[in-house]
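What follows draws every value from the coordinates through simple rules; no lab data is involved. As the structure is a computational prediction, the values presented were derived from the model and not from experiment. Cβ placement follows ideal geometry from the backbone for every residue including glycine, while neighbour counts extend to all protein chains displayed.
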Amino acid sequence: MFPNANPVALDLLSKMLTFSPLKRYTVEQCIAHPYFEGLHDPEQEPTADGVFDYSYDESDISKEKLRSLIYEQMYIFIIINLKINFFFLIVINFYYKLKNALFFFNILNKGLNLLIL
């Protein structure tokens, strides 16, 4: 299916995408796979003590409420990015105004020095 793909990567993908959960690779097995040979360091990879709690994912939430929550997160993301971008625009604008003012001040100063001398 992918003639130019790395065979080690294809092996890992086939083991990760196995339909049966009993035959599918675990996270630990995937990380220990030869594909991640240069990246895997067991000393720096702690594991969780217990099973992760996904109970929030099983709540009965209406479509409207879910849509509202998604819009809220999008709004927050956009507003934060706009504030950051606006702040940088102000800083850049101030920098260029200051740079131009200093440039003209230097020209004026040189002109005054010529008049005095």
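Quick notes on this one:
- Taking a straight line from the alpha carbon of Lys15, these aspartates and glutamates sit under 15 Å away, with near neighbours fewer than eight places off in the same chain left out: Glu28.
- Mean projection area, nm², convex hull over Cα of the range 1-47: 4.0 nm²
- Neighbour counts of other Cβ atoms within 10 Å put Met16, Met1 in the fewest-to-most order Met1, Met16.
- Packing-based ranking, highest mean first, of 90-98, 6-14 given that Cβ atoms within 10 Å are counted: 6-14, 90-98
- Scalar couplings 3J(HN,Hα) for the range 23-32, obtained by applying the Karplus form with A = 6.51, B = -1.76, C = 1.60 to θ = phi - 60°, are 9, 5, 5, 7, 4, 4, 5, 5, 5, 7 Hz; x denotes Gly and Pro.
- Gain in span if fully extended, Lys63 to Thr47, counting 0.36 nm per residue against the direct Cα distance: 2.3 nm
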